[in-house]
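Engineer: Please see the structure below; I have some questions.
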Amino acid sequence: MKVLLTGAAGQLGRALIASKPPEVELIATSRGGGNGALALDLAQPEACRAAVLEHRPDWVLNAGAYTAVDQAEREPELAQAVNAGAPVAFAEALAALDGGAGGGRLLQVSTDFVFNGEQGSPYRPEQPVDPLGVYGASKAAGEVAALALPGARVLRTSWVYGPVGRNFCRTMLRLHRERAASGQPLGVVADQVGCPTSTLTLAAACWRAISQQADAPRILHWSDAGAASWYDFAVAIGELGVAAGLLERAAAVMPIPTADFPTPARRPSYSLLDCHASRQALNLLPLHWRGALAGVIARLGGEVSPV
């Protein structure tokens, strides 16, 4: 099975490469190329079409995205081009394979930000989307584009982090170290609820979604198990960082409301995903987010680079 992977240099892309099943022939791409990846700019639809027509993959696994949520409010055209335009181009090119008979399929990785966060129970895959900002709207448009291709799947996830790249876990480890040394508390938003998701478990779900050729639903939800606020997540990072020897001590973490930490983009206050049906369809057991976090921290070793 030949898979064209986008976003190979990102945190999810690197986890996907590391966990590639042996039967997969992987064509890894990233915006800049290098390190074994081909260069592919997702903001260039003709380049996306050309990559599909040249390599003729069985699947495009679109893990690349414009993920700068606040910056997207200032760069809506670029966010739309990457998050919506690229899936359009992939779907069109895959449909054109074999003289228009199709044959290639698409797995589009999406986000909890397609929901508005106004309900108090986990969002089911079939519920209508209602994004709050440019990022969420661009990802919702990407879902529509992907699902226009017969056999395509969308996999939504939330609060992604891993042992590489810029993410909340690595940032909090650095801030715990700095604030503990200076004796200053660390203020973290406590009124946004969702679920952290490790790239290690997310990569396994992506590969399973591709291997389950006929049985999986077209829209899947995947996060680690449980629920947390960003405050809960930050506290756990400090505790597990100390236990793993990455921190001498954790900083004091103070819960703050969203209103005390204004950002250009609105975030959903509640974005927990209902993953029950998707876990059954993928035949994957969930791992509680705190256990998944311990696994990521264990991989970080003795040093965390500034992020």
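Engineer: Using the Cα centre of the chain as the reference point, and only Cβ charges (+1 on K/R, -1 on D/E), how large is the resulting charge dipole? Debye, rounded to the nearest 20.
Structural biologist: Using Cβ point charges on Lys, Arg, Asp and Glu, the chain gives about 540 debye.
Engineer: In addition: Across all directions of projection, what mean area in square nanometres is found for the Cα convex hull of the chain?
Structural biologist: Across all orientations, the chain yields a mean hull projection of 15.1 nm².
Engineer: Using the Karplus curve 6.51 cos²θ - 1.76 cosθ + 1.60 with θ = phi - 60°, what ³J(HN,Hα) values do you get for each residue of segment 111-116, in whole Hz, with x for Gly and Pro?
Structural biologist: 9, 5, 6, 6, 9, 8
Engineer: What nm distance separates the two modelled labels at Thr263 and Thr171, each placed 7 Å from Cα along Cα→Cβ?
Structural biologist: A separation of 0.7 nm, rounded to one decimal place.
Engineer: How would you order 249-258, 77-86 from highest to lowest mean count of nearby Cβ atoms within 10 Å?
Structural biologist: Working: 249-258: 16.9, 77-86: 22.5.
Those peptides, ordered most packed to least, come out 77-86, 249-258.
Engineer: How many nm is it between the label spots at Val242 and Glu118, if each spot is 7 Å from the Cα in line with the beta carbon?
Structural biologist: Here the answer is 4.2 nm between the modelled labels.
Engineer: Here is a follow-up. Out of residues 5 or more away from Thr111 or on other chains, whose amide H comes under 5 Å of its own, with H placed 1.01 Å from N in the peptide plane?
Structural biologist: Those lying under 5 Å, H to H, from Thr111 are Thr157.
Engineer: Tell me, in nm to one decimal, what length is gained between Ala148 and Gln184 on full extension, where the rule is 0.36 nm per residue of separation less the Cα-Cα distance?
Structural biologist: Values: separation 36, 0.36 × 36 = 12.96 nm, distance 5.13 nm.
Residue separation times 0.36 nm, minus the Cα-Cα distance, leaves 7.8 nm.
Engineer: With contacts defined as alpha carbon pairs under 8 Å and 6 or more residues apart, what's the relative contact order of the chain in percent? Intermediate results must be reported in sequence, preceding the final value.
Structural biologist: Details: 658 pairs, mean separation 60.0, N = 307.
Contact order relative to length: 20 percent.
Engineer: Skipping prolines and chain starts, which residues have an amide H placed within reach, meaning under 5 Å, of the one on Val188, given they are 5 or more residues away or on another chain?
Structural biologist: Met254, Ile256
Engineer: Given an 8 Å cut-off on Cα distances and at least 6 residues of separation, report the relative contact order of segment 173-307 as a percent. Don't skip to the answer; put the middle values down first.
Structural biologist: Details: 192 pairs, mean separation 56.2, N = 135.
So the answer I get is 42 percent.
Engineer: Please list, in chain and number order, the residues 5+ apart from Leu106 or on another chain whose amide H is under 5 Å from its amide H, with Hs placed from the backbone.
Structural biologist: So Leu106 has HN proximity to Val60, Ala152, Arg153.
Engineer: As a test of understanding, state the convex hull volume per residue of segment 165-235 from its alpha carbons, in Å³.
Structural biologist: Each residue corresponds to 100 Å³ of Cα convex hull volume.
Engineer: With a cap of 15 neighbouring Cβ atoms within 10 Å, and only residues DSSP puts in a loop, list the GluC sites (Glu not before Pro) found in segment 1-48.
Structural biologist: Glu23
Every read-out reported here was derived from the displayed coordinates using simple, explicitly stated rules and does not represent laboratory data. For clarity, every value in this text was computed on a predicted model and none was experimentally measured. Note that we place each Cβ from the backbone using ideal geometry, even for glycine, and neighbour counts take in every protein chain shown.
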